[in-house]
Structures are given as structure tokens and as C-alpha cells.
Amino acid sequence: MVQHQTNLSEARGSGQILQFQLHRRPPLQPPRQAATAADAAPLDDMAQYEEEAPIDYRQRMLMNLIAVGIVSVLICVGVWIADTISEMQKAQDCIMQGRQNCSPIQMPLKK
């Protein structure tokens, strides 16, 4: 037990602290103007993928409504599954406690 304590004190004293220095970034320089057409070619390569087509708001709204519908269905299914699991867990707890009558009782509606 005494050896263990001495080893801990030796380990604490043998640590070494490293100092990290921040590296400074050089100041940003403004981009140079393209001197020739060959230098400008890599910058204009993305222009071929740009479309100037008008936005179809009707299709966009339809896609948004479809997305809302799908998300709503997923939420409803998730709530239904959580409720079903909760009911099954209650029934299992009742059975595991050794009770005889664990089935739910349906009460008739009064008119």
C-alpha cells in the first residue's frame, strides 16, 4: 500500500507542461484580376451549370405539401407505435406481478 502511494507522488511530479503558441495568419490580399483569358477559364467553368430558368412556384408548393404529408404520417405512426408499446408494457407488468385479470375493461358509453 505504501509503494502505491509513492508511485502516485512520483507520477504527479514527473509531468511536463507544453506551451502551445498560436500561429498568426498572414493578412488576406484582395484577389488579383485575371490578366489573360487562360487564367479566367477555371473561374468560368461553373457558368455552364447555372440555369436561368424561372422558379415554378406551383411545383415547389406541391412538393412542400407532399413533404408535410409524409412527415405528418411518420409522426402519426410514431405516436401510434409508442402508444402500442406503452399498452403492451402495462399488460406485461400486470402479468409479471401475478395478477389474474389483466385485460382492459371496456366501459359502455352512457347516453
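What number of residues within segment 44-57 are in a helix (DSSP H, G or I) and either surrounded by 10 or more Cβ atoms within 10 Å (Cβ to Cβ) or modelled with pLDDT of 95 or more (or both)?
1
Please find, among 72, 86, 9, the residue that is at pLDDT below 65, part of a helix (DSSP H, G or I), hydroxyl-bearing (Ser, Thr, Tyr) and out of contact with any helix residue (DSSP H, G or I) (no Cβ under 6 Å at 6 or more places or on another chain). Step through it out loud before you land on a result.
Details: 72 fails: at pLDDT below 65; 86 fails: at pLDDT below 65.
Checking each option against the conditions leaves just 9.
The values are calculated or read from the model by the stated rules, or taken from the named source; none is laboratory data. All of these numbers come straight from a predicted model, not from anything done at the bench. As a convention, Cβ positions derive from the backbone with ideal geometry for all residues, glycine included, and neighbour counts pool all protein chains shown.
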